[in-house]
Amino acid sequence: MGFYQDRVLPRFQDKVMNRKATRPVRARVCAGLEGKVVEIGFGTGLNAPYYPPSVAEVAAVEPSALCMRLAQPRVATSRAPVELAGLTGERLDLPSEEFDSALSTWTLCTIPDLAAALSEVRRVLKPGGSFHFVEHGLAPDAKVERWQHRLEPLNKRLAGGCHLTRRIPDHVEEAGFSLAQVDTYYFEGEPKPFGYTFEGRALKV
C-alpha cells in the first residue's frame with residue numbers, strides 16, 4: 001500500500017475533498033478563527049482560501065510531503081503565512097498554550113490515536129482557545145450504522161485509515177473540551193455510511 005498511500009491517495013483526496021459541496025462548509029468552519037492557528041491535517045491546503053483576515057499565522061500539521069507540495073499554490077495566495085509545524089497530531093512539537101485557535105476538517109477519522117491527538121490540540125491552545133472542526137462519523141440510524149461497521153475495515157485500507165464509526169463530539173468532550181456548538185447532518189451527495197457529519201466548535205476551559 002506504500003505507493004498508493006504516498007503517491008496516489010493524496011492526489012485523489014485533493015480532487016474529492018475540493019468538491020463544490022465542501023466549500024461552504026469550509027467557509028463556515030473557518031469563520032471565527034483568529035490569531036495563531038494550528039491546523040491538524042493540513043492536507044493540500046484546501047482551507048487556506050477560507051482563512052479570515054483575523055488569522056495571523058497557521059502552523060500546518062501534515063504527514064504527507066506530496067500533500068504539502070500540492071498545497072503550495074494555495075499557500076502562496078493565503079492571507080496568512082503558513083509553516084509546516086509537524087507530521088503527526090498525536091505528538092505536536094509545539095509550545096503549550098501557544099495558539100488561539102485550532103482547525104480540523106475531515107481529519108480526525110484517520111488519526112490512529114485520536115485521544116492523544118485531541119489531548120495535544122488542547123495542550124497547545126491558550127485557555128479559552130477555540131477548536132473548529134467538521135468531521136464524519138457514526139450515524140444515529142441503525143441501518144446506516146450497520147453498514148458503517150461492515151464497510152469500515154475496507155474503508156480504512158482504501159482511505160488512509162479513515163474510520164466510519166467514531167462519535168467525534170464524544171471524543172472531543174472526553175479530551176476536556178467544552179462543546180460550544182455541534183450541528184449534525186448527512187452530507188449532500190455523499191452515501192449515508194460515509195456522510196454523517198459533525199460540524200462544530202469547542203472551547204478549552
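The values are calculated or read from the model by the stated rules, or taken from the named source; none is laboratory data. All values derive from a computational prediction rather than experimental measurement. Positions of Cβ are generated from backbone atoms using ideal geometry, with glycine treated the same way; all protein chains shown enter the neighbour counts. Areas reflect the complete protein model, heavy atoms only, side chains present, ligands, DNA and RNA absent. Shrake-Rupley method; radii C 1.70, N 1.55, O 1.52, S 1.80 Å.
Taking the numbered list (1) of a type in the set (Phe, Trp, Tyr); (2) loosely packed, with under 13 Cβ neighbours inside 10 Å; (3) modelled with pLDDT of 95 or more in turn, Phe42 passes all entries but (2).
Considered as a group, the residues in the stretch 184-205 that are of a type in the set (Lys, Arg) and crowded, with 18+ Cβ neighbours inside 10 Å include one that is farthest from the chain's Cα centre (by Cα), and that residue is Lys204. Taking the numbered list (1) part of a loop (DSSP other than H, G, I, E, B); (2) more than 18 Å from the chain's Cα centre (by Cα) in turn, Cys162 passes all entries but (2). Scanning the stretch 155-169 for residues that are in contact (Cβ under 8 Å) with a residue 60 or more places away in the chain and either out of contact with any Leu (no Cβ under 9 Å at 6 or more places or on another chain) or among the aromatic types (Phe, Trp, Tyr) (or both) yields a total of 1.
Considered as a group, the residues in the stretch 116-137 that are crowded, with 18+ Cβ neighbours inside 10 Å and hydrophobic (A, V, I, L, M, F, W, C) include one that is farthest from Asp183 (Cα to Cα), and that residue is Val124.
Condition test on Gly86, is it within 24 Å of Gly160 (Cβ to Cβ) and at pLDDT below 95?
Judged against the criteria, Gly86 is a match.
Residue count for the stretch 45-73, restricted to those that are farther than 15 Å from Lys15 by Cα and open to solvent by less than 40 Å² (accessible area, probe 1.4 Å): 10. Do we find that Pro24 is farther than 17 Å from Ala102 by Cβ, modelled with pLDDT of 95 or more and in a helix (DSSP H, G or I) in this structure? Considered against the rule, which asks whether it is farther than 17 Å from Ala102 by Cβ, modelled with pLDDT of 95 or more and in a helix (DSSP H, G or I), Pro24 comes out as yes.
In the stretch 183-197, the count of residues that are part of a strand (DSSP E or B) and closer than 20 Å to Gln13 by Cβ is one or more. Right, Val144: under 16 Å from the mean Cα position of the chain (by Cα), within 30 Å of Val8 (Cα to Cα) and among the aliphatic types (A, V, I, L, M) or not? Against the criterion (under 16 Å from the mean Cα position of the chain (by Cα), within 30 Å of Val8 (Cα to Cα) and among the aliphatic types (A, V, I, L, M)), Val144 does not qualify. Within this structure, Gln13 fails the test of being more than 14 Å from the chain's Cα centre (by Cα), at pLDDT below 95 and either assigned to a helix (DSSP H, G or I) or surrounded by fewer than 22 Cβ atoms within 10 Å (Cβ to Cβ) (or both). Summed over the stretch 157-183, the residues that are over 17 Å from Gly195 (Cβ atoms), of a type outside the set (Gly, Ala, Ser) and surrounded by 14 or more Cβ atoms within 10 Å (Cβ to Cβ) give a count of 5.
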